[in-house]
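The values are calculated or read from the model by the stated rules, or taken from the named source; none is laboratory data. Please read all numbers here as calculations on a predicted model, not as lab measurements. Cβ: placed from backbone, ideal geometry, glycine included. Neighbour counts: every protein chain shown. Heavy atoms of the whole protein, side chains included, go into the accessibility calculation; ligands, DNA and RNA do not. Shrake-Rupley method; radii C 1.70, N 1.55, O 1.52, S 1.80 Å.
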Amino acid sequence: TVDLIDPMLGSGTILLEAAYRDRSVEEREFLQHAFKCAPSDKPHLQSERTSFASLIGYERDGKTLAAAKSNLKTVDRAIILAEDFLLTKPLPTKKHPRWVIANPPYGERLKTKEPIAEFYAKLFSATERVTSPDRACFLLPAKTGRLDLPLQWKVLEKRPFLNGGIPVVAFLFGRKTN
């Protein structure tokens with residue numbers, strides 16, 4: 001059991017997907033079942049996955065916050081904080097491991113005040129200060145370049161893909177072990 005934290009909640013998509021990801025796949029409809037040669041067997045989960053004790057999201061924009069609250073209104077373990085994550089105080093002492101996942105601005109559609117690499121350095125620093133995560137996953141533009149990570153972090157994995165046509169890399173970070 002872990003706490004999942006989204007430091008830039010937006011409309012709440014990441015936390016909403018996390019909340020309902022373990023809904024029985026037998027209850028969901030999949031496009032391939034409408035195909036002329038549809039599969040005869042229904043999909044099912046192959047293994048148990050980590051459960052989420054709480055889903056915590058931060059959003060500073062009032063209009064976007066209202067959308068997130070509306071989208072997450074049926075998720076009883078969602079905690080939505082109307083705060084700027086970069087400026088917020090640390091979370092209370094951990095009861096569960098913490099995982100952070102974020103799809104921050106890429107500097108294209110949503111601009112940042114500073115160069116994007118500096119913005120990411122501030123975001124990573126705030127993530128360490130506020131959450132002290134056991135794992136963190138950030139979707140960053142493929143052209144980001146060198147990342148200025150907190151000393152406690154190391155890159156565990158990198159997965160490139162397209163997000164809305166933009167080349168991105170999902171970076172999975174973990175804590176260094178001594």
Segment 1-43, subset over 19 Å from PRO104 (Cα atoms) and among the β-branched types (Val, Ile, Thr), residue modelled with the lowest pLDDT: VAL25
Residues of segment 136-166 being of a type in the set (A, V, I, L, M) and part of a loop (DSSP other than H, G, I, E, B), in sequence order, are ALA142, LEU147, LEU149, LEU151
Quick one: in segment 44-89, which of the residues that are closer than 15 Å to LEU15 by Cα, in a loop (DSSP other than H, G, I, E, B) and among the β-branched types (Val, Ile, Thr) is modelled with the lowest pLDDT? THR50
Name the residues in segment 123-160 that are under 18 Å from ARG175 (Cα atoms) and either surrounded by fewer than 15 Cβ atoms within 10 Å (Cβ to Cβ) or among the basic types (Lys, Arg) (or both), would you? SER125, ARG129, ARG135, ASP148, LEU151, GLN152, LYS154, VAL155, LEU156, GLU157, LYS158
In segment 81-115, how many residues are open to solvent by 40 Å² or more (accessible area, probe 1.4 Å) and within 18 Å of ALA170 (Cα to Cα)? 4
Give segment 82-98 a look and list any residue that's over 15 Å from the mean Cα position of the chain (by Cα) and more than 16 Å from PHE52 (Cβ to Cβ), or say none. ALA82, GLU83, ASP84, LEU86, LEU87, THR88, LYS89, PRO90, PRO92, THR93
